[in-house]
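Step one of this worksheet: look at the structure below.
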Amino acid sequence: QVQLVESGGGLVQAGGSLRLSCAASGSIFSINTMGWYRQAPGKQRELAATITTGGSTNYADSVKGRFTISRNSAKNTVYLLMNSLTPEDTAVYYCHTHATNYRLGASYNYWGQGTQVTVSS
């Protein structure tokens, strides 16, 4: 199995910053992409940012210029630096990876348990 463990969520005032971390472990042969998705109350889960093995990044329009995704491939870890936070960024943030499981011999999508980010006005 592959596990994703997130950390770094919390409560912050509008205009503040938070840094999320997510470490992948388990039966990992290789990781293709890692990223962050978020789900606000009453809304569908949406992409926040992703990063490929080669370092190519993709951001939702709503976070461009404010969020920065990065990864440490040697540690199978992905980070999300969130600046200039607004109450609209309040959501549960989920770490995601598309990884090849060496025990199963195939690639799957894996999700973390989620970490709450709350931005107060």
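The values are calculated or read from the model by the stated rules, or taken from the named source; none is laboratory data. Fair warning: this is a prediction, and the values are worked out from it, not measured in the lab. Every residue, glycine among them, receives a Cβ derived from its backbone with ideal geometry; neighbour counts consider all protein chains shown. Areas reflect the complete protein model, heavy atoms only, side chains present, ligands, DNA and RNA absent. Shrake-Rupley method; radii C 1.70, N 1.55, O 1.52, S 1.80 Å.
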Take the residues in region 1-17 that are open to solvent by 20 Å² or more (accessible area, probe 1.4 Å) and closer than 14 Å to Asn109 by Cβ, then tell me which one is modelled with the highest pLDDT. Gln3
Can you tell me which of Tyr108, Tyr93 is among the aromatic types (Phe, Trp, Tyr), surrounded by 13 or more Cβ atoms within 10 Å (Cβ to Cβ) and assigned to a strand (DSSP E or B)? Tyr93
(1) small (Gly, Ala, Ser); (2) open to solvent by 20 Å² or more (accessible area, probe 1.4 Å); (3) more than 12 Å from the chain's Cα centre (by Cα) all hold for Ala99 apart from (2)
For region 33-44, which residues satisfy the criterion of being of a type outside the set (Phe, Trp, Tyr) and either in contact with a His (Cβ under 6 Å, 6 or more places away or on another chain) or open to solvent by less than 70 Å² (accessible area, probe 1.4 Å) (or both)? Thr33, Met34, Gly35, Arg38, Gln39, Ala40
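Residue by residue, here is whether (1) more than 27 Å from Leu104 (Cα to Cα); (2) open to solvent by less than 50 Å² (accessible area, probe 1.4 Å); (3) in contact with an Asp or Glu (Cβ under 9 Å, 6 or more places away or on another chain); (4) not small (Gly, Ala, Ser) holds:
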position	(1), (2), (3), (4)
Arg19	yes, no, no, yes
Ser25	no, no, no, no
Phe29	no, no, no, yes
Glu46	yes, no, no, yes
Could you give me the residue pairs with C-beta distances under 6 Å whose first residue belongs to region 60-78 and is modelled with pLDDT of 95 or more, whose second residue is assigned to a loop (DSSP other than H, G, I, E, B) wherever it lies, and which are 6+ apart or on separate chains? Arg66/Asn83; Arg66/Ser84
Consider Gly54 against the criteria (1) surrounded by fewer than 17 Cβ atoms within 10 Å (Cβ to Cβ); (2) in contact (Cβ under 8 Å) with a residue 24 or more places away in the chain: it satisfies all of them except one. Which criterion is unmet? (2)
